[in-house]
1. Of the candidates ASN209, ASN285, ASN120, which one comes out as most mobile in a Gaussian network treatment of the chain with C-alpha springs shorter than 10 Å?
2. Could you work out [θ]222 nm for the chain from helices alone, using -39500 (n - 2.57) per DSSP H run of at least four and dividing by all its residues? Round to the nearest 500 deg cm²/dmol.
3. Ordered by residue, what ³J(HN,Hα) values in Hz, to whole numbers, does segment 69-80 give under the Karplus form 6.51 cos²θ - 1.76 cosθ + 1.60, where θ = phi - 60° and Gly and Pro are x?
4. Magnitude of the Cβ-charge dipole of segment 190-344, K/R +1 and D/E -1, about the Cα centre, nearest 20 debye?
5. What aspartates and glutamates sit close enough to LYS318 to cross-link, taking a C-alpha to C-alpha distance under 15 Å and skipping anything fewer than 8 places away on the same chain?
6. Ratio of segment 39-108's C-alpha Rg to 2.2 N^0.38 Å, to two decimals?
7. Please report the antiparallel percentage of the DSSP beta bridges confined to the chain, to the nearest 5.
8. What would the Debye formula give as log10 I(q)/I(0) at q = 0.21, 0.34 Å⁻¹ for the alpha-carbon point model of segment 84-126, no solvent?
Amino acid sequence: MSGLSRRTFHRLLGAGACATACSGGGASLALYNWGDYLAPEVVERFTAATGFRITQDYYLAEAELVAKLGSGAAYDVVFPIDYVLGRMRRRALLVPLARDKLPGLANLDPQFGPWIAADNQIYAVPYLWGTTGIGYDSDHVEAPTSWKALFDPRHAGKISVIDSKGDVFDQALLAAGMDINSTDKPAIRERVYPMLRAQKDILRAYDSNPARALAAGDTWIAQIDSGDLFRAQKQRPSLRYVIPEEGAVLWVDYLAIPATAPLPGVAVRFIDFLLDPEIAALNANALRFATPNLAAIQRGLVADAGDLALYPSAETRKKLFVSENWFGQTEAVVDELWLELRRA
């Protein structure tokens with residue numbers, strides 16, 4: 001395992017140095033991506049097919065992405081998560097995508113279509129999707145059935161939660177039997193925050209790379225993105241992944257072109273390249289996240305297509321929720337409590 005995850009990356013050289021080292025010189029397409037989130041073979045094939053090399057800078061949280069584009073940073077393709085697309089569209093940070101320039105859209109599962117705004121234009125195309133559940137080491141922990149397992153003092157010092165405001169509150173809301181998009185501010189203050197404060201005392205860490213800690217044996221149970229756990233299994237086969245009985249978050253990461261993109265035409269070619277079934281399967285098989293590319297699955301190109309932990313059943317899908325990230329007044333309350341929690 002590379003030690004990277006969707007949420008983090010090596011900082012040994014720094015993002016700028018990595019971008020230069022990865023490009024090899026020449027004409028290049030600039031990506032602003034999550035961490036280890038594009039299969040190397042896909043990069044090589046795109047360069048071979050088009051002559052354009054790829055450079056990548058990386059972000060750890062969606063707020064970094066929005067802020068960077070808001071400052072006018074010149075990237076050609078970005079990888080936003082579902083719940084920030086509306087905010088980015090309202091700030092005019094993205095350009096619309098012409099459907100006739102993206103024939104690969106026909107390969108998508110109708111459940112995971114392109115993101116279309118109120119003006120009826122496409123602004124983003126689904127890239128990969130997954131769930132955020134519980135990963136655990138079956139050599140040390142019995143299979144958890146509830147998010148309450150992350151609040152169990154029996155595992156003190158061996159628990160981690162993803163180092164993200166949204167994820168931290170999601171797991172507590174679910175453990176409390178509440179909706180992840182709850183706007184009940186008194187309940188968030190009086191029920192959820194005390195749970196989080198008590199949980200902090202038994203955590204090993206708020207962790208941006210829970211897979212690495214699980215694989216190393218530093219933690220035994222953790223909140224984690226699905227694909228990161230499956231990749232970590234190569235290093236520690238006793239690791240397992242579960243969607244608790246209260247349900248879990250389903251997220252979709254998209255491909256979009258910023259308004260400041262220097263090479264929007266090449267960016268469209270890159271997005272359509274990723275919609276090719278063989279390329280989509282290369283990404284899914286390497287990264288171990290779910291692909292929205294139905295054609296790739298139907299052609300038998302996706303190795304994990306039958307794994308119900310990665311591609312949940314219709315029954316399990318009823319318990320999956322899409323985050324709205326508390327836009328509006330509730331967001332301010334959660335921000336305030338998050339700062340209090342980190343200072344505590």
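The values are calculated or read from the model by the stated rules, or taken from the named source; none is laboratory data. What you are looking at is a predicted structure, and each value in this text was computed from that prediction instead of being measured. Using ideal geometry, Cβ is built from the backbone for each residue, glycine included, and neighbour counts are taken over all protein chains shown. Side chains are part of the model used for accessible areas, which takes the heavy atoms of the whole protein and leaves out ligands, DNA and RNA. Shrake-Rupley method; radii C 1.70, N 1.55, O 1.52, S 1.80 Å.
1. ASN120
2. On the way: 13 runs with 114 residues, N = 344.
It lands at -9500 deg cm²/dmol.
3. The phi angles translate into 5, x, 8, x, 4, 9, 10, 8, 9, 10, 10, x Hz.
4. On the way: 17 positive and 20 negative charges, 94 e Å.
Computed charge dipole of segment 190-344: roughly 460 debye.
5. ASP179, GLU245, GLU246
6. Values: Rg = 14.2 Å, N = 70, 2.2 N^0.38 = 11.1 Å.
With N residues counted in segment 39-108, Rg over 2.2 N^0.38 Å equals 1.29.
7. Working: 25 of 41 bridges.
Roughly 60 percent of the beta bridges in the chain run antiparallel, per DSSP.
8. At q = 0.21, 0.34 Å⁻¹ the computed log10 ratios are -0.68, -1.29.
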